[in-house]
Every structure is written in C-alpha cells, then in structure tokens.
Ligand SMILES: [Zn+2]
C-alpha cells in the first residue's frame, strides 16, 4: 500500500510511513466481497398438461338379461355330456357330482343331481374301458360329498327354522300372559 500524504510505498504490517511518518492508511483486513445477489428463484417450468382427451363413449352392448335360475339351467347343461364316448358316463357322473356339491344349498335339486351322479358314476366305474375311471370315482366321491353336505345344510335350515318357530311361539305366549295379567 502507499502513503496517503507522500505516496511512498509502505510495506505490509507497518503502521506508519517510513518516509514522512504519517500514519499508514488503515486497510480493512477483510474486503467485504460483494455478496452475490440472491438469484431469483426460477419458477419451476410447468409443462402444460395435455388437455384430457374427450372420453369416447364406450359402446355398450346390452347383454341379454338372462334370468339364470340355477335350479333349472344347470341340469340341462350337464345332460349332453353323456353319450359321446365310453367315458361319457364317467364324465357325466363327475359333472353331476360337481353340481351336487355346488348346489348343496338347494336340497331338492341336489338330491336329483346326486342320484344321477351316483348312477352315472357307478356305470362309469363299471365300464372298464377308457381312462375315465378316475373321473367316475371322483364323480362318485363328489356326489356323495354333495349329498351329505346338502343333508347337513338342510338339517341346519330345518333346525334354525324350528328354533325361530319356537322363539316366536314363546314370545307370543309371553305377550298373551302379559295382557291377561
Ligand atoms: Zn509518507
């Protein structure tokens, strides 16, 4: 740095001018560096979302409303499976067995199916030609299972309805007893 009064060079660290004796100009130790102006926050570029495509009306083919009553529809489906091959009986028995199991909630239908399944399965087992003996045996097992399950379900239904009947009778009796006293 240089002296303010005479202009002579003053070495660093010396507080006065060696030429004229004037005090050396005080040099600020840390030059405050101009702080960079805070960068303006760049707005996040927003990509304009593509406008939603107009929804094309889906063509709706109204399916013909079929009142599917399992009680009547299912046996009709099962019947044509029988005569084709020698294994037809066994497969029919298997199908009957499956239906007997599935339709164990409908006692009457289940018993008819169970009877048919039993007949078909036994015929299928008795016919020893063809590899459908396994199907026939499975049909027999399913049929028996279905009928047994149906009996259990039917028994449960009977039991609950009987209980309800008894409860109703009891409440009616108590109501009568209350009105008389
Ligand atoms: Zn000086």
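This ranking places 26, 109 by how few other beta-carbon atoms lie within 10 Å of each, fewest first, which gives 26, 109. Modelled label positions at residue 163 and residue 176, each set 7 Å beyond Cα in the direction of Cβ, lie 2.5 nm from each other. With the largest listed first and rounded to whole Å, the semi-axes of the equivalent ellipsoid of segment 82-180 from the Cα gyration tensor are 45, 9, 7.
Where a number appears in this text, it was derived from the coordinates with a stated rule and is not lab data. On a predicted model such as this, the values are computed, not experimentally measured, just so you know. Every residue, glycine as well, gets a Cβ built from its backbone with ideal geometry; the counts of neighbours run over all protein chains shown.
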